[in-house]
Amino acid sequence: STFTVVLPVRRVPVAPLTLASSGPEVPARLSRRARVLLIDDEIIVLRTLQRALEPHCDAVDALGGAAGLQVLQTDAAFDAVLCDVMMPGVDGIAVHEGILARHPELARRVIFATGGAFTPRAKRFVDEVDNPVIEKPFSVAQLLEKIEVLLV
């Protein structure tokens, strides 16, 4: 007996972070090598960002807001902090509050990443915060532009 099985093509959902392929080219380098703390609750997002930023930055990752605040307890020497807004437990808002309380000089160097899904509280925060906000998906060039502004 011979059987032929035909299966329909199923679209796989996109990961929480997709680095956009379109947009401006990635600059050769920042004005200087930056040290960046990456805070996100998705390990895939952290690994993707680390690989993308590796040629330009020294990146330290923290899986979730609580881990990010823990890193900052012993080491706050970062040129920038990229922090997801929506995370379970300690979200980006709580991370920002913790940074303001313990490292106020670092608070202005937080870049918030968002996928667009907000609670009313998070929506108000993103609308009112003076920090840069980057929308997912974003390109490496877009992220580097945000970091460069903080280096100047």
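The values are calculated or read from the model by the stated rules, or taken from the named source; none is laboratory data. Just so we're clear, the structure is a prediction, and the values are computed from it rather than from any experiment. Don't worry about glycine lacking a Cβ; one is built from the backbone with ideal geometry, like all the others, and counts go over all protein chains shown. Areas reflect the complete protein model, heavy atoms only, side chains present, ligands, DNA and RNA absent. Shrake-Rupley method; radii C 1.70, N 1.55, O 1.52, S 1.80 Å.
Exactly one residue among 101, 122, 94 is over 18 Å from residue 47 (Cα atoms) and free of Cβ contacts under 8 Å to residues at least 12 places away in the same chain, and that residue is 101.
Say we look at the stretch 35-63 and pick out the residues that are part of a loop (DSSP other than H, G, I, E, B) and under 11 Å from the mean Cα position of the chain (by Cα); which of these is surrounded by the most Cβ atoms within 10 Å (Cβ to Cβ)?
Within the stretch 35-63, the first condition is being part of a loop (DSSP other than H, G, I, E, B), and the residues that meet it are 41-42, 54-56.
Then drop every residue that is not under 11 Å from the mean Cα position of the chain (by Cα), which leaves 41-42.
Details: 41: 22, 42: 16.
Only one residue fits best here, namely 41.
What about residue 73, is it without any contact (Cβ under 8 Å) to a residue 24 or more places away in the chain, out of contact with any Gly (no Cβ under 8 Å at 6 or more places or on another chain) and either of a type outside the set (A, V, I, L, M) or surrounded by fewer than 19 Cβ atoms within 10 Å (Cβ to Cβ) (or both)? No, not satisfied.
Remark: pairs (first residue in the stretch 127-152, on the phi > 0 side of the Ramachandran plot; second residue modelled with pLDDT of 95 or more and small (Gly, Ala, Ser); Cβ separation under 7 Å; 6+ apart in sequence or on different chains) are absent. From the list 137, 88, which one is assigned to a loop (DSSP other than H, G, I, E, B), under 20 Å from residue 44 (Cα atoms) and under 11 Å from the mean Cα position of the chain (by Cα)? Testing whether each residue is assigned to a loop (DSSP other than H, G, I, E, B), under 20 Å from residue 44 (Cα atoms) and under 11 Å from the mean Cα position of the chain (by Cα) leaves just 137. Looking at (1) closer than 22 Å to residue 55 by Cβ; (2) open to solvent by less than 40 Å² (accessible area, probe 1.4 Å); (3) touching a strand residue (DSSP E or B) at 6+ places or on another chain (Cβ under 7 Å), which is the one condition that is false for residue 139? Only one criterion in (1) closer than 22 Å to residue 55 by Cβ; (2) open to solvent by less than 40 Å² (accessible area, probe 1.4 Å); (3) touching a strand residue (DSSP E or B) at 6+ places or on another chain (Cβ under 7 Å) is unmet by residue 139, namely (3).
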